[in-house]
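Trainee: Provided herewith is a single structure, encoded as structure tokens, for subsequent inquiry.
The values are calculated or read from the model by the stated rules, or taken from the named source; none is laboratory data. Treat the numbers as computed from the prediction; the structure is a model and nothing was measured. Backbone-built Cβ (ideal geometry, glycine too); neighbour counts: all protein chains shown.
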Ligand code: HEM
Ligand code: FES
């Protein structure tokens with residue numbers, strides 16, 4: 001957390017994670033080259049390698065883009081999210097290999113600088129089928145490079161969270177560029193329906209998953225807006241919140257995580273200070289609200305991280321009346337201690 | 001916490017909860033399986049690669065006579081009489097004009113790497129790959145090794161007017177240095193090669209898919225590479241009408257590049 005970036009270190013889970021990632025990448029590249037040459041003995045090595053790296057990177061990007069919505073739909077996928085950064089960096093390395101080899105192969109040793117050649121060697125902007133596809137890959141690679149280099153938490157604090165998050169939302173721009181790079185590039189010359197079918201299925205999968213997961217979010221946000229300032233809003237029944245867990249509710253457009261623990265109820269602003277993870281999908285561990293994404297912790301009553309950490313989220317005043325949970329519509333400044341609402345065991349069964 | 005859906009994973013703890021661990025193990029197996037399936041589908045679904053050949057890393061030695069106009073070539077005597085005409089190139093996206101300067105019309109020994117496809121052969125020269133030989137005694141000789149015929153190609157028979165539809169490719173990549181060496185994915189590379197002086201070729205396929213290759217020159221036999229690049233006519237269908245002339249093994253299509261037509 002905020003203080004010691006190396007605190008997490010290389011524990012067993014991280015090693016398993018990276019081991020599986022590396023193994024899968026090597027399996028893919030080896031499988032692609034092996035089966036590719038077995039079925040295409042006339043192939044050239046450079047083309048086969050460029051294709052293995054390009055498709056490998058795009059496949060990995062599909063995995064990366066699936067993690068967010070999958071975790072929303074089924075929390076058992078959360079372990080994938082924890083080290084998502086490693087997936088991103090690995091994907092960038094594959095894409096960089098593909099882009100570098102392509103730039104050498106198609107643009108180096110000529111009469112122009114390779115990067116100039118990359119941008120000017122095809123000028124058919126007037127025709128979709130002939131439209132230059134390599135610059136699309138190049139711009140995508142620049143986005144991926146920015147994301148990979150700033151992926152460490154160190155940069156999160158330097159850039160400030162909103163800038164960092166905006167930068168990392170560009171992954172969707174990169175994805176769109178890469179899809180067009182493939183559609184306007186290799187799919188103009190490769191005719192197998194397996195290839196266009198695979199890309200189509202991938203795009204549908206990413207879209208579909210985001211829509212399904214997004215729907216759930218929208219349901220939370222659909223609660224009526226326009227509440228009076230300082231009024232208490234009835235958000236749910238006490239038994240809607242499992243013990244040591246939270247329910248995410250929307251109050252006047254803002255998401256609030258309402259936790260129940262040890263006969264008490266506390267409400268915090270839902271977005272985690274680290275990377276906007278949904279605190280309300282986390283749980284109470286050792287008396288602290290624990291973010292499901294990377295495990296940042298906050299005191300439920302004050303929204304402040306325990307010493308020595310300094311993260312703070314806004315808190316909300318809460319009341320429990322006849323088994324209903326009431327949350328005040330306006331937040332308290334981040335880190336403000338609010339007395340938790342208490343209730344008797346009987347109220348749960350009201 | 002026996003229901004894995006209720007178990008809570010914290011990445012910085014050494015061990016994942018038990019039920020979740022089982023879910024993850026199954027997930028990892030699925031992932032590895034999916035990886036193999038994806039690699040198989042994507043690698044096996046590639047179109048066939050051409051039979052073109054670049055003997056990368058293999059050096060051959062050839063003897064013959066350099067003829068440099070309109071394109072640098074080596075005339076290699078054939079066993080049954082006559083000559084084979086091999087196109088010459090150098091490393092990179094570059095023509096061999098500089099490399100053969102001063103050798104026109106001379107009998108030489110060259111060291112290089114063979115590139116061949118269908119009826120065309122090319123030799124990629126290494127650095128300082130050309131060595132002048134003493135003229136064979138039977139030939140009308142000049143003391144510097146120059147033999148009769150000079151540096152220009154000798155036309156075989158009369159030319160004919162033709163109008164041909166095909167794709168402009170760069171001879172080097174298409175003959176085998178790159179696969180695929182034509183169409184859109186190769187367009188930028190072909191543009192650089194032709195811009196750098198690699199001989200441009202019109203590839204024309206007949207109804208059986210068999211390819212015939214026509215080296216492209218202007219009506220007067222000059223280079224047309226610059227105009228082809230400036231007009232962006234590489235790697236897509238074009239129609240060229242002009243005079244087809246045979247030079248031994250090779251066909252040349254002479255036409256003013258301003259008259260090449262793009263067929264969209
Ligand atoms: C400098 C940047 C890039 C350049 C110059 C470039 C160039 C190319 C070229 C020339 C091809 C066609 C190769 C062929 O004939 O098969 C291609 C295909 C492809 N590219 Fe890129 N690319 C770049 C960046 C990217 C990035 C960032 C991705 C992201 C994953 C990517 C993914 C792909 C894929 C999946 C294919 C289809 C498979 C293949 O043909 O290799 N490319 N790229
Ligand atoms: S978002 Fe990373 S710990 Fe909450």
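Trainee: Just to be sure before I move on: is residue A:167 part of a helix (DSSP H, G or I), surrounded by 16 or more Cβ atoms within 10 Å (Cβ to Cβ) and more than 16 Å from ligand 1 (Cβ to nearest atom) in the structure I sent?
Mentor: Here the answer is yes, as residue A:167 does meet what is asked.
Trainee: Give me a count of the residues in the range A:295-314 that are crowded, with 22+ Cβ neighbours inside 10 Å and over 21 Å from residue A:247 (Cβ atoms).
Mentor: Final tally of qualifying residues: 1.
Trainee: I've got another one for you. Mind telling me which of the residues B:33, B:29, B:13, B:62 ends up being more than 9 Å from chain A (Cβ to nearest Cβ), at negative phi and not in a helix (DSSP H, G or I)?
Mentor: Testing whether each residue is more than 9 Å from chain A (Cβ to nearest Cβ), at negative phi and not in a helix (DSSP H, G or I) leaves just B:62.
Trainee: Restricting to the range B:197-209, and then to whatever is touching a residue at least 24 places away in the same chain (Cβ under 8 Å) and out of contact with any helix residue (DSSP H, G or I) (no Cβ under 8 Å at 6 or more places or on another chain), can you tell me which residue is nearest to the other protein chains (Cβ to nearest Cβ)?
Mentor: Checking each candidate, the answer is B:205.
Trainee: Which ones in the range B:206-252 are under 18 Å from the mean Cα position of the chain (by Cα) and closer than 19 Å to residue B:117 by Cα?
Mentor: B:210, B:211, B:212, B:213, B:214, B:215, B:216, B:235, B:249, B:250, B:251, B:252
Trainee: Could you list, in sequence order, the residues of the range B:107-124 that are crowded, with 20+ Cβ neighbours inside 10 Å and closer than 14 Å to residue B:76 by Cβ?
Mentor: The answer is B:107, B:110, B:112, B:120, B:121, B:122, B:123.
Trainee: Follow-up question, since we're still on this one. Among the numbered conditions (1) over 30 Å from residue A:279 (Cα atoms); (2) within 16 Å of ligand 2 (Cβ to nearest atom), tell me where residue A:111 comes up short.
Mentor: Among (1) over 30 Å from residue A:279 (Cα atoms); (2) within 16 Å of ligand 2 (Cβ to nearest atom), residue A:111 violates only (2).
Trainee: Write out, first by first residue and then by second, each pair whose Cβ atoms fall under 7 Å of each other, whose residues are 6+ apart or on separate chains, and whose first residue, in the range A:254-278, is closer than 14 Å to residue A:339 by Cα and within 14 Å of chain B (Cβ to nearest Cβ) while the second is outside any strand (DSSP E or B) and more than 16 Å from ligand 1 (Cβ to nearest atom).
Mentor: Here the result reads A:259/A:300; A:261/A:243; A:261/A:244; A:261/A:300, each pair linking the range A:254-278 to a residue that is outside any strand (DSSP E or B) and more than 16 Å from ligand 1 (Cβ to nearest atom).
Trainee: Which ones in the range B:16-26 are at the interface with chain A (Cβ under 7 Å from one of its Cβ atoms) and at pLDDT below 85?
Mentor: Hits for the range B:16-26 are B:16, B:20.
Trainee: Same structure again: Which of the helices (runs of 4 or more DSSP H) contained wholly in the range A:55-154 include at least 1 residues that are away from every other protein chain (no Cβ under 14 Å)?
Mentor: Where helices (runs of 4 or more DSSP H) fall fully within the range A:55-154 and carry at least 1 residues being away from every other protein chain (no Cβ under 14 Å), they are A:84-107, A:134-149.
Trainee: Could you tell me whether the range A:12-35 includes any residue that is assigned by TED's automatic domain parsing to the domain that holds residue A:96, within 16 Å of ligand 1 (Cβ to nearest atom) and not in a helix (DSSP H, G or I)?
Mentor: no
Trainee: So, of the residues in the range A:2-21 that are modelled with pLDDT under 50 and more than 21 Å from the chain's Cα centre (by Cα), which turns out to be farthest from the other protein chains (Cβ to nearest Cβ)?
Mentor: By that ranking, first place goes to A:3.
Trainee: When the range A:117-162 is examined, which residues are found to be touching a residue at least 24 places away in the same chain (Cβ under 8 Å), under 22 Å from residue A:95 (Cα atoms) and surrounded by fewer than 17 Cβ atoms within 10 Å (Cβ to Cβ)?
Mentor: A:139, A:145, A:146, A:152
Trainee: Can you go through A:218, A:227 and tell me which one is under 21 Å from the mean Cα position of the chain (by Cα) and more than 16 Å from ligand 2 (Cβ to nearest atom)?
Mentor: Answer to the check: A:218.
Trainee: Restricting the range A:37-49 to residues that are part of a helix (DSSP H, G or I) and at the interface with another protein chain (Cβ under 10 Å from one of its Cβ atoms), which is farthest from ligand 1 (Cβ to nearest atom)?
Mentor: A:38
Trainee: Condition first: part of a loop (DSSP other than H, G, I, E, B), buried (at least 20 other Cβ atoms within 10 Å of the Cβ) and in contact with a helix residue (DSSP H, G or I) (Cβ under 8 Å, 6 or more places away or on another chain). Now tell me which residues in the range A:274-294 satisfy that.
Mentor: Of everything in the range A:274-294, those that are part of a loop (DSSP other than H, G, I, E, B), buried (at least 20 other Cβ atoms within 10 Å of the Cβ) and in contact with a helix residue (DSSP H, G or I) (Cβ under 8 Å, 6 or more places away or on another chain) turn out to be A:291, A:292, A:293, A:294.
Trainee: Still on this structure, I have one more. Could you count how many residues in the range B:182-196 are over 17 Å from residue B:224 (Cα atoms), in contact with a helix residue (DSSP H, G or I) (Cβ under 6 Å, 6 or more places away or on another chain) and more than 7 Å from every other protein chain (Cβ to nearest Cβ)?
Mentor: So the answer is 1.
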